[in-house]
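For reference, the structure discussed in these notes is given below.
The values are calculated or read from the model by the stated rules, or taken from the named source; none is laboratory data. If you're wondering where the values come from, they're calculated on a predicted model, not measured in any experiment. A quick note on method: Cβ atoms are made from the backbone with ideal geometry, for glycine too, and the neighbour counts reach across all protein chains shown.
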């Protein structure tokens, strides 16, 4: 009897379990199943889950760009019964004002509305559990150092696609691949949206990380000096660049301001704009003179000499004695270089200009690089070629001209610019920057001769204010008047100095470019001191101190002999 009762009890239990399971299955399959499928009624919402964009670091791992969590508030207008009450609650919690909340709901006829972006995790927690309101996380691009290096880093648009700088050039690596999540209106939780794991969710694939050749310590120096120089000179733009000539790597590149006068994103002064270089171009005809094996002691400019072309008279700014070739270069004599240019000829100067990389893209890993505007070897008027001889009447980019000079600091070998070290996911490298030789512009002996004449610029010429006692520095000043379609107004200048510290071994190139300064536009007065400040501060950096102490010791020993 006992066993029969026990058996019946077990049967009842088993039957009850089956009945409960059947009812539950019926509910899920029929009731909830039908509900979940009513996507056209906005019961099910599929939302994009943006991939985390890759980080950008400097060469030593200093974070330059990253994604941070940000939250979006959605409201289902069909569920919210009392907009005023909900608006007041959210306003009290400091999330959104009541008026703005109601305005957002009234802006569109859509059932589900985005009412607030850019919320923090604390905002979401503070909002609490309000029916008809739900939040999703999205990524927001963040640059920890503000505007420092921004014209290089670039920016992304509202679709999170790179539209300038590194962000644009390497968007396919940085962007990753978005995923998707499905949200459903849960019948059993007072009309609140919950994530619906029905197998259709797609996980995002995050972007790759990038390491640049930039050294943030040097970048910070460049940025501070550029801003200080712009404030001091009233210039419209200041660019400071530091390059390792032996690798082609850019260690610092400040281009300020980052926005134009209308607060719009500014084109890169380094690669997207071109300029009449002025006297920094004199490196090219000087190299031609040496390549032609002409006498460097030859007088190329008589005392206070003037050149007349029809009704136009060209002369040097200051009175001076007769100059030989080296003195003309050191003192940046325009008349001297007109004579040098006509003796060499336009064809040869154009040929060597192109060998040094002018008038063609450098291949730098930045977007929208322009080529400049070359001069013609078949000039119509002598005055046109006379202007070419001292860097007027044609255009180059700053990138082209600094890498032409960088070849002098690399035994006469021109390299392709590098600004990216590697792109990685932490396991595999998807891109690696490498030293790439473009061509040999000068043999070693000829390159040493160029170094010798460039040293005179800093020793007794127009670059005296760039001199640092005990440190070997070579360089060239330039003050290029910028013409317009209507001609030269005497108001627009690019004042520059390009110098190399320790040019024969382990050197660094520093370029300073000051656009449209107010007051003095002489590069010798405004660009050289900026160069000197950058150089002095780099020499004191821990990672570079030992590198240049050897150079200082060598120079001191040489000077004592």
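Take the conditions (1) closer than 30 Å to residue 61 by Cβ; (2) surrounded by fewer than 17 Cβ atoms within 10 Å (Cβ to Cβ); (3) under 24 Å from the mean Cα position of the chain (by Cα); residue 373 misses just one of them, which is (1).
What number of residues within region 416-429 satisfy the criterion of being part of a strand (DSSP E or B) and at pLDDT 95 or above?
Kept after step one, since they are part of a strand (DSSP E or B), are these residues of region 416-429: 418, 420-424, 429.
With the extra rule that they be at pLDDT 95 or above, the set shrinks to 418, 420-424.
Total satisfying the criteria: 6.
Quick check, is residue 457 in contact with a strand residue (DSSP E or B) (Cβ under 7 Å, 6 or more places away or on another chain) and surrounded by fewer than 23 Cβ atoms within 10 Å (Cβ to Cβ)? Don't jump to the end; show me each part of the working.
Numbers: in contact with a strand residue (DSSP E or B) (Cβ under 7 Å, 6 or more places away or on another chain): yes; surrounded by fewer than 23 Cβ atoms within 10 Å (Cβ to Cβ): no.
Spelling it out, it is not the case that residue 457 is in contact with a strand residue (DSSP E or B) (Cβ under 7 Å, 6 or more places away or on another chain) and surrounded by fewer than 23 Cβ atoms within 10 Å (Cβ to Cβ).
Can you find even one residue in region 525-537 that is within 27 Å of residue 284 (Cβ to Cβ), modelled with pLDDT of 85 or more and over 25 Å from the mean Cα position of the chain (by Cα)? For region 525-537, residues within 27 Å of residue 284 (Cβ to Cβ), modelled with pLDDT of 85 or more and over 25 Å from the mean Cα position of the chain (by Cα): present. The residues listed here are 129, 123; of these, the one that is outside the structural domain of residue 251 (by TED's automatic domain parsing), modelled with pLDDT under 90 and more than 19 Å from residue 47 (Cα to Cα) is 129. Screening residue 400 against (1) in a helix (DSSP H, G or I); (2) touching a residue at least 60 places away in the same chain (Cβ under 8 Å); (3) within 21 Å of residue 243 (Cα to Cα) leaves a single unmet condition, (2). Taken residue by residue, region 431-446 has no member that is touching a strand residue (DSSP E or B) at 6+ places or on another chain (Cβ under 9 Å), in a helix (DSSP H, G or I), modelled with pLDDT of 95 or more and surrounded by 22 or more Cβ atoms within 10 Å (Cβ to Cβ).
To keep it simple, each residue is scored yes or no on (1) within 15 Å of residue 449 (Cα to Cα); (2) at pLDDT 95 or above; (3) in the same structural domain as residue 358 (by TED's automatic domain parsing).
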| position | (1), (2), (3) |
| --- | --- |
| 277 | no, yes, yes |
| 281 | no, yes, yes |
| 291 | yes, yes, yes |
| 306 | no, yes, yes |
| 310 | no, no, yes |
| 318 | no, no, yes |
| 322 | no, yes, yes |
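The single residue among 461, 499, 470, 475 that is at pLDDT below 95 and either assigned to a strand (DSSP E or B) or more than 22 Å from the chain's Cα centre (by Cα) (or both) turns out to be 470. In region 225-232, the condition of being buried (at least 17 other Cβ atoms within 10 Å of the Cβ), within 30 Å of residue 45 (Cβ to Cβ) and modelled with pLDDT of 95 or more is met by no residue.
Within region 62-82, restricting attention to residues that are surrounded by fewer than 16 Cβ atoms within 10 Å (Cβ to Cβ) and farther than 30 Å from residue 212 by Cβ, the residue that is modelled with the highest pLDDT is 82. Filtered by the rule that a residue be surrounded by fewer than 23 Cβ atoms within 10 Å (Cβ to Cβ), in contact (Cβ under 8 Å) with a residue 60 or more places away in the chain and not in a helix (DSSP H, G or I), region 326-355 gives a lone residue, 331.
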